[in-house]
Amino acid sequence: MHIRFTASAAGLVALAFGLATTPAAAFPDQPINYIIPFDPGGESDVSARFQQPYFSKIAGQDLIIQYLPGAGGASAWSGLNDYEGDGYTIMGTNLPHIILQPLLQDPGYETDDIVNVYIFHYTPDALIVAADSPHETLEDFLAAANEAPGAMTVSGSGTNSANDVANQLFENETGAVLTYIPYPGTAPSITALLGGEVDAAWGYTTVAAGQGDQVRTLAVAMEERHSLFPDVPTFRELGYEIVGGAYRGIAVPASTPEETRQELSRLIGEINADPDFIQQMEEAGFALIDVPYDEAADWMEERKAFYGEIAEQLGAGR
Amino acid sequence: MRTDRIGADFAGAAVALFFLAVGIYAVWSSLSMTMLGAIFPRTIGGFLIGLSVIQIGLSLAGRGAQISGEGGDASNEGLGRRLALVAVMIAWALLFPAVGFVVTSFVAATALIVIAEHERTPPTRWLLRTAVVAVMVGVFYWLMTRILYIPIPRGVLF
Amino acid sequence: MEIFGFLGEALSAQNLMFALLGVIGGTVIGALPGLSATMAIAVMVPFTFALDPASGLIMLGAIYTGAIYGGAFAAILVNTPGTPSAIATTFDGYPMARRGDGDLAVTIATIASVTGGLVGGILLLTLSPVLAQVALRFGSTEYFWLAVLGLTLIAVLSEGNLVKGLMGACLGLLLSMVGVAVVGGDVRFTFGQRELLGGVGIIPALIGLYCIPVLIDMVARPGQHLEAPAAGRGFRLAEAMGIAIRDGWNLLRSSVIGTVVGILPGAGGSIASLVAYSEARRTARNQEEYGKGASGGLLSTESANNATVGGGFIPTLVLGIPGTPPDAVILGALLVQGIRTGPALFETQGQIVYTFIFGLLIATALMLPVGLLIGRYAFRFIVATPKALLVPLIAFMTVLGSFAVHNHPNDVVVMVAMGILGWLLNRAGYGPSPIVLGLVLGQIAEQGFVRAWMIGGARGDFLGQLIINRPISWAIVALILVTVCLPLVKSIRNRRAEGIRR
């Protein structure tokens with residue numbers, strides 16, 4: 001009896017020891033929560049949904065999308081580091097939001113609190129008018145704007161957002177004076193455009209793609225023309241150095257260990273390289289970029305410098 | 001407007017005073033906002049101040065009647081139990097992130113069983129009710145985490 | 001006709017099953033305060049990718065319409081709207097339940113919801129492209145005046161004390177301003193708390209203001225919450241149908257109002273039901289009974305809010321602009337499946353669209369048997385359960401519901417705080433509805449006004465933008481004036497009559 005007991009006890013101890021030192025089952029071994037800081041149906045949601053099936057295929061686990069809207073994303077970002085850093089919670093991030101919000105308001109977090117593991121796409125800014133607008137080209141639009149400074153109204157989603165920044169950059173580059181009218185989201189700002197409430201709208205190539213023939217895109221803020229819109233010039237071509245848009249990435253809580261961060265970065269990079277994924281995203285109007293974890297910090301510094309200047313202008317205007 | 005001469009409506013006046021304070025606070029805060037952001041707070045705050053003053057007058061003159069069909073029960077019957085419920089709800093809301101959803105909910109819900117029960121009940125019934133509560137908390141916990149994927153705070157205990 | 005071929009597809013066993021499951025799931029979710037249609041739909045979306053697009057859409061649509069209908073259960077039985085679109089249902093639904101007619105109320109709500117949903121669906125089927133243009137005609141100015149209309153309606157409905165009602169509405173409006181302003185970016189009224197940056201959640205505030213006072217009153221006294229009906233009483237279906245047919249004009253008008261308001265992106269079921277309720281009350285012969293358990297009130301609100309489902313799909317499918325939050329999720333799902341919305345959708349993707357709409361109509365019709373069954377059990381359950389169990393159950397749902405909206409524990413604190421406030425205000429004669437409606441309409445009113453102001457400023461024509469150049473706004477303002485003046489005129493006439501009598 002005594003021996004059997006000791007044997008089983010020893011066996012149990014060995015088992016426990018073995019389990020404790022077994023290398024953890026390959027990450028991920030459960031589904032991963034992907035938190036989107038906005039309401040469903042927006043660009044962040046759609047790009048996440050595009051990623052979902054590829055993630056399951058590549059990582060072998062499901063990606064579960066949850067929504068945590070509020071304060072233009074600040075509600076979610078200010079709570080990011082309260083989650084467990086076990087790699088099973090990731091959050092979508094948006095630029096310029098995470099840089100501008102701490103500069104211009106008090107959103108409850110600092111830009112450096114956000115640990116990005118990958119920046120995987122951006123939606124290039126696009127200046128859009130309704131199909132029945134009298135402005136056929138950007139030059140027409142600028143001519144009208146210069147005739148009556150401040151009289152042209154341009155809609156966009158939110159204050160201190162990508163659209164707001166695009167408008168400010170545009171005003172800087174062209175010298176035009178427009179009136180930016182913020183709406184609670186992209187959908188209402190496009191409704192306003194289609195309904196004639198505003199003269200033009202700052203949107204993205206995704207919006208232009210979604211609206212099809214109902215809108216006309218005057219220019220896009222890219223380095224080269226977008227494959228979906230071969231006839232639409234870039235701002236750069238027309239002589240205005242405006243390249244950018246809303247960038248989206250994925251972040252983890254700061255307590256996430258280094259290897260997990262690298263692993264997540266690798267996974268997302270693999271999704272980004274999948275040709276079917278690329279095709280789906282581009283057909284919807286997105287523009288893919290690759291800023292993996294190793295490069296993320298430097299890239300953020302560069303973006304901070306860039307937006308820093310704009311922030312002063314936006315802040316001063318209020 | 002019905003006017004019931006029921007004597008001065010002190011409760012109505014006191015609450016109107018509260019609204020007055022809210023209105024004043026709103027206007028005062030709006031002074032540090034941008035022009036566009038301040039329009040509504042200032043206007044609504046102003047309305048609230050005006051309305052509160054009118055209401056204080058009406059209430060003290062005994063003309064402030066209740067909103068029909070909506071008035072809750074203004075009696076103090078069972079006040080002890082009512083306050084106990086309020087205390088449980090406050091504790092529940094504040095403690096569950098720290099202590100854990102399931103435990104806090106179970107304890108709070110059980111406390112409510114006691115508060116809500118007026119008659120003498122045999123111990124078997126208490127047990128049955130506690131079991132029902134436990135099952136309810138368990139089922140919804142499962143529903144939220146496994147089906148709806150809502151992250152529930154773990155807290156110190158479960 | 002080709003179209004009827006799609007009807008056949010919608011009637012396939014698979015699609016029927018999805019419609020049924022969707023309605024059942026949606027109704028249960030809608031009945032539980034805090035669990036919303038948007039949440040349920042968002043969870044189901046990935047599953048629909050494995051199905052063919054029409055079937056997936058049918059299921060999502062069925063969940064949506066079931067959830068809007070389900071909100072009536074909690075509104076009637078526990079005075080807590082299951083969704084914001086059921087707020088106006090509490091006005092007459094709960095009083096009916098208190099006087100023992102809870103089962104009749106549920107049956108009436110079912111009939112009304114089915115009718116509203118069918119009207120909305122039929123308009124979606126037949127007149128979408130035309131009606132979508134209505135959505136575009138409504139600009140910031142119109143939304144502002146619409147919100148003002150909603151607020152005047154609340155004030156007028158606060159019969160007994162106009163001033164208290166207006167004060168409640170003002171408080172609600174101020175609460176809606178907590179957080180980051182969309183226009184201007186100011187951070188307002190947050191007391192430095194980062195949790196308040198997102199504002200005061202509508203759902204937690206709604207649950208708190210309506211439900212907590214009910215719970216507080218429930219524990220105060222022994223006895224059952226609702227009386228048991230006489231034994232052997234069934235669904236009272238015949239009785240309810242009789243009431244519905246007699247009030248048929250009300251039903252139809254409310255459904256149309258619901259569809260039209262549903263077309264306006266962002267307006268939602270709460271405004272629709274409120275406008276419909278007010279119109280029903282204004283034209284009713286038994287006006288004094290409204291607010292105390294008039295069946296007409298219940299008919300109008302429930303048909304209007306279900307009509308917004310069909311109405312909301314119109315801008316979603318034709319313009320790619322979601323009418324309501326669930327529509328936004330569905331739109332996202334469509335996009336991922338590669339379906340492009342737009343005026344051409346009905347021609348190019350006719351198979352999917354028409355099968356979906358027919359499926360939606362079928363799901364709406366299925367609400368009748370499903371609703372009656374679930375309603376019967378819900379009613380029996382509430383009636384039979386002793387308070388000692390009912391109170392913990394409902395309290396648990398309030399905590400769960402407020403938390404589940406945005407996964408913020410802070411929302412539960414908001415819920416309890418608003419609940420205590422609501423209870424104290426109730427005792428002093430201030431009702432919860434003006435506050436909640438102020439909260440719901442505040443952002444719409446403020447943003448509409450401020451944007452109209454900015455656009456007017458840009459064009460150098462403030463007054464023009466705000467009212468003069470906007471014909472639709474004239475109609476809304478006219479309605480506001482009528483709503484405000486009619487009761488005044490009536491009371492002046494009454495006073496004169498009394499004067500003559502003396």
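The values are calculated or read from the model by the stated rules, or taken from the named source; none is laboratory data. Nothing here was measured: the structure is a model prediction, and the numbers come from that model. Every residue, glycine among them, receives a Cβ derived from its backbone with ideal geometry; neighbour counts consider all protein chains shown. Side chains are part of the model used for accessible areas, which takes the heavy atoms of the whole protein and leaves out ligands, DNA and RNA. Shrake-Rupley method; radii C 1.70, N 1.55, O 1.52, S 1.80 Å.
Key figures for this structure:
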quantity: Hits among aspartates and glutamates - C-alpha to C-alpha of A:K304 under 19 Å, sequence gap 8 or more where chains match; calculated: A:D106, A:E110, A:D112, A:D113, A:D125, A:D164, A:E241, A:D290, A:D294, A:E295, A:E312
quantity: Distance in nm between pseudo-label sites at C:R221 and A:E173 (7 Å out along the Cβ direction from Cα); calculated: 7.1
quantity: Gained length - A:R236 relative to A:E312, 0.36 nm times residue gap less alpha-carbon distance; calculated: 25.0 nm
quantity: Carbon/sulfur fraction of accessible area - chain A, other protein chains in place, 1.4 Å, %; calculated: 53
quantity: Size-normalised alpha-carbon gyration radius of the protein assembly as shown, reference 2.2 N^0.38 Å; calculated: 0.94
quantity: Computed log₁₀ I(q)/I(0) - Debye formula, equal Cα scatterers, no solvent, chain A, q 0.06, 0.11 Å⁻¹; calculated: -0.25, -0.70
quantity: Global size of the stretch C:284-332 as Cα Rg and Dmax, reported in angstrom; calculated: 15.7, 46
quantity: By average C-beta atoms within 10 angstrom, highest first, the peptides C:246-259, A:182-195; calculated: A:182-195, C:246-259
quantity: Area accessible to solvent at A:H97, 1.4 Å probe radius, in Å²; calculated: 30
quantity: Whole-Å distance, taken between Cα centres, linking the stretch C:123-167 and the stretch C:80-112; calculated: 22
quantity: B versus C: buried accessible surface, summed, Å² (probe 1.4 Å, to nearest 100); calculated: 6700
quantity: Dipole axis of the protein assembly as shown (+1 Lys, Arg; -1 Asp, Glu on Cβ), positive-most option in C:L481, C:G139, A:I65; calculated: C:L481
quantity: 27 Å Cα-Cα reach of C:K164 towards lysines, excluding residues that sit fewer than 8 places from it in its own chain; calculated: C:K292, C:K490
quantity: Cα centroid of the stretch A:141-177 to Cα centroid of the stretch C:402-466, whole Å; calculated: 30
quantity: Interface size C-A, as summed buried accessible area [1.4 Å probe, Å², nearest 100]; calculated: 3400
quantity: Gyration tensor verdict on the stretch A:24-132 (Cα atoms; rounded if a/c is under 1.5, prolate if a/b is larger than b/c, oblate otherwise); calculated: oblate
quantity: Heavy atoms of C:V370: accessible area, 1.4 Å probe, square angstrom to 10; calculated: 20
quantity: Neighbour cut-off at most 15 other Cβ (10 Å), DSSP loop, GluC sites (Glu not before Pro), the stretch A:72-176; calculated: A:E84, A:E110, A:E136
quantity: Structure-based [θ]222 nm, the protein assembly as shown - -39500 (n - 2.57) summed over DSSP H runs of at least 4, per residue, nearest 500; calculated: -21500 deg cm²/dmol
quantity: Virtual spin-label span in nm between A:D298 and B:A87, 7 Å along Cα→Cβ; calculated: 6.2
quantity: Under the span-like rule (Cα at least 24 Å along the axis, Kyte-Doolittle mean at least -1.0), DSSP H helices of chain C; calculated: C:13-31, C:53-78, C:102-137, C:140-157, C:202-220, C:295-319, C:350-384, C:387-406, C:409-427, C:432-459, C:471-501
quantity: The protein assembly as shown - charge dipole about Cα centre, Lys and Arg +1 at Cβ, Asp and Glu -1, debye rounded to 20; calculated: 5540
quantity: For the stretch A:210-318: span of alpha carbons on each principal axis (Å, largest first); calculated: 46, 43, 22
quantity: The stretch A:210-280 and the stretch A:178-194: distance between their alpha carbon centers, rounded to Å; calculated: 22
quantity: Fully extended contour minus Cα-Cα distance, from C:Q133 to C:R493, at 0.36 nm per residue; calculated: 125.4 nm
